[in-house]
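Peer 1: The structure under discussion is supplied below as structure tokens; questions concerning it will follow.
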Amino acid sequence: MTLTRKLILAFVALAGASLISALVLTTLAVESAAKQKIASDLERTLEAFQQLSRASQERIRDVAEARTLDRSFKDMSLSVNSVDDEAGLGDATSETKGILYAREVIVSADTEAFGWSRDASLPWAFFNASGRLVYTHADPEQLGEQPLDLPLLATALESGPTSALWSPAQLQKLPFTFVAPGQVREGDLLLVHAQPAYGANRGPMGVVLSGQWVKDVLLGDPLAPRTPGPQMADTRARFALRAEDGATASQLPPGTTLDCHGLKPGETRDVHLGSTHYLVRGGILSGVDGTRLGEVFVLRDFDAEITPVLQRFRRWLVPTAVGIALFALAAAVFMARGLASPLVQLEAAAGRVRLGDLTVEVPVRGTDEVGRVAQSFNEMVSGLRQRDQIKGLFKRYLAPQVVDELIKNPEKAAPGGERKLLTVLFSDLVGFTSLSEQLSPEELVALLNTYFEQATGVLTKHGATLDKFIGDAIMCFWNAPLPLEDHAARACLTALDLVAVVDRLSPLFEARGLPRLDCRIGINTGHAVAGNLGSSAAQDYTVIGDTVNLASRLEGAAKVYGTRTLVAEETLLAARGAVVARELDLLRVKGKQHPVRVFELVGTAGTPLPPQVVRFAEGLALYRARRFNEARAAFLASPDDVPSQRFAARCDSLEVTPPPEDWDGVFTLDSK
């Protein structure tokens, strides 16, 4: 596919992505605005429902109160209380007779004052002032033998008219029959009104309980300004009531369960019921006396609300999108042809670079984006040339980080150096000369490569920069060219790992009848010059200075003490407790005026000190105190410790030829 076609497709794809993004963002904005509007409508609808509920309950209260004031009701109620002076009854037996009399009056009377109406299914019951059931329409034969403990009755007698919302489960648990079993409506709630009846002295004569199902009195058809037609979505508000025991009655489709647990009054929430997305707002349903009856929820079908709006929006978006796409196609063709010519030149130049030609250069025309791309291309090719030069110069380095650093900072590849704090390590194999006499050159090289393979792995692991291989010796350093804060600790850990490499390889050498492989390592820390030394034609990245020389001297001095490692005090201090070491001596190497305190590495941090190391420290203290005889005894207590034996021999010499009075305990090494 040509570049022009790609640019055309890119512009068209960009236009398409923009249109899709606009559609998505606009849809989200419309949905958000619709949610805010519906939430506001739900708030007003809920307030209207609560006002309707209060008005309905007040109407029920007024009707109930009017019935209790009816003459026939007052005459009947006079006989149901033993404490009613007007009745002349004074004991429980007479109260029961009065209740039986009242029941006959209720049954024989055909008046609304006793709950009789055309709708005989409406629940109605009457209780006297002590809470005994006088009559219930649901079971005319039922008689209250004892006062009932019903909070609703007690509240009505003490405080006046009150209401409750009872579920079918609560109706079944009542100690009397308020609704006949065949007339209990599952999925509905009973709104119960308790109306006290008062005598002539304004004392309570009893309480009338009347009930109406909420689906009859509150939950009629869903509220809507118009009935939805075939092409019109159903956007009517629907309501649901929940009693205190969790039972609900709603205008939702049969089998739909509304779960609004956790919905706070006044909060609007998204709820998915089946495949329908509703917005729900909750509130408190209060009784006629202001007590809480339960909760009321108002719901609106969000999908039905938003779908028509989105359909209208999409109808005008389609032709607009087609027009924009055609314009984008024309613009893409025009711009692609303008960009193609210089980009084709860049393509050809890139092909030459891919084949290895780094001498290519493209003309820079103008300062626009294409011109800047051409300029960047030329700079990239120049950088590739410089990188190849650096890689050619440093390809023999062990540590890849050296080459990476010089590629990032090419100026460091120029001849010269910088003074830095470094840690330098020299390592040498012991007995290499005798080993070379027993093997052919090919075998010797193979064995050395085996050692160097594992040794260089250790150096790479600890971030060392390899300076050079010198026969069987290794020279490496840390903190150049990459800064390493823990360079001294890395050097010490490298030395311990190199000793471990020798220990692993020694059995292989012995199995071939060769001498046991061993090594000596010297480490020093101090300032030295690191950089590329040499000419522009031949350079070597290395380090020079007294620090380097002392590290080399320490490697050789390890032979004097019979140790594998010899570390300067500066290194051990800079390692900051990363390793455990024992102090060996104050040593003045050849060519140096100032002595250096030297140590042997024992292990990594936390390694317990062997007994011979502890005894050596005691002997060294006695040795420096010029108590040579006692020091000798301490050293001889470790017959397998080579440094202890060397110091015991030194004590013998000093006992024969005592040092001068100004002796400072420094041991001077006369050879390298």
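The values are calculated or read from the model by the stated rules, or taken from the named source; none is laboratory data. In this text the structure is predicted, and so the values were computed from the model without any measurement. So basically every Cβ, Gly included, is an ideal-geometry build from the backbone, and we count neighbours across all protein chains shown.
Peer 1: For the stretch 139-169, which positions are under 22 Å from SER94 (Cβ atoms) and among the charged types (D, E, K, R)?
Peer 2: GLU141, GLU145
Peer 1: Considering only residues that are under 16 Å from GLU186 (Cβ atoms) and part of a loop (DSSP other than H, G, I, E, B), which ones fall in the stretch 235-250?
Peer 2: Within the stretch 235-250, ASP245, GLY246, ALA247 meet the criteria.
Peer 1: Report the residue count in the stretch 532-571 for those that are more than 17 Å from THR494 (Cα to Cα), of a type in the set (Ser, Thr, Tyr) and at pLDDT 95 or above.
Peer 2: 2
Peer 1: Moving on. Checking PRO660 against (1) more than 14 Å from TYR561 (Cα to Cα); (2) modelled with pLDDT of 95 or more; (3) surrounded by fewer than 16 Cβ atoms within 10 Å (Cβ to Cβ), which single condition isn't satisfied?
Peer 2: Tallying (1) more than 14 Å from TYR561 (Cα to Cα); (2) modelled with pLDDT of 95 or more; (3) surrounded by fewer than 16 Cβ atoms within 10 Å (Cβ to Cβ), PRO660 fails exactly one: (2).
Peer 1: Looking at CYS476, CYS492, which is the one that is part of a strand (DSSP E or B) and touching a strand residue (DSSP E or B) at 6+ places or on another chain (Cβ under 8 Å)?
Peer 2: Going through CYS476, CYS492 in turn, the sole match is CYS476.
Peer 1: For THR607, all conditions in the list (1) of a type in the set (S, T, N, Q); (2) in a helix (DSSP H, G or I); (3) within 30 Å of ARG490 (Cα to Cα) hold save one; what is the number of the exception?
Peer 2: Here THR607 clears every test but (2).
Peer 1: Every residue in the stretch 456-473 that is in a helix (DSSP H, G or I) and surrounded by 23 or more Cβ atoms within 10 Å (Cβ to Cβ), please.
Peer 2: Result: LEU459, single match.
Residues are listed down the side, and each one gets a yes or a no for (1) buried (at least 17 other Cβ atoms within 10 Å of the Cβ); (2) within 16 Å of GLN50 (Cα to Cα):
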{"position": "LEU285", "(1), (2)": "yes, yes"}
{"position": "VAL288", "(1), (2)": "yes, yes"}
{"position": "ARG292", "(1), (2)": "no, yes"}
{"position": "ALA304", "(1), (2)": "yes, no"}
{"position": "GLN311", "(1), (2)": "no, no"}
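Peer 1: Continuing with this model, one more query. Taking the condition of being of a type outside the set (D, E, K, R), under 20 Å from LEU533 (Cβ atoms) and in contact (Cβ under 8 Å) with a residue 12 or more places away in the chain, how many residues in the stretch 454-487 meet it?
Peer 2: The number of residues fulfilling the criteria is 14.
Peer 1: Can you find a residue that is at pLDDT below 95, surrounded by fewer than 17 Cβ atoms within 10 Å (Cβ to Cβ) and touching a helix residue (DSSP H, G or I) at 6+ places or on another chain (Cβ under 7 Å) anywhere in the stretch 477-488?
Peer 2: Yes: the stretch 477-488 contains one or more residues that are at pLDDT below 95, surrounded by fewer than 17 Cβ atoms within 10 Å (Cβ to Cβ) and touching a helix residue (DSSP H, G or I) at 6+ places or on another chain (Cβ under 7 Å).
Peer 1: Hey, another quick one. Residue by residue through the stretch 495-507, note down the ones that are surrounded by 13 or more Cβ atoms within 10 Å (Cβ to Cβ) and among the hydrophobic types (A, V, I, L, M, F, W, C).
Peer 2: ALA495, LEU496, LEU498, VAL499, VAL501, VAL502, LEU505
Peer 1: Mind checking which residues of the stretch 582-595 are at negative phi and surrounded by fewer than 20 Cβ atoms within 10 Å (Cβ to Cβ)?
Peer 2: Of everything in the stretch 582-595, those that are at negative phi and surrounded by fewer than 20 Cβ atoms within 10 Å (Cβ to Cβ) turn out to be ARG582, GLU583, LEU586, ARG588, LYS590, LYS592, GLN593, HIS594, PRO595.
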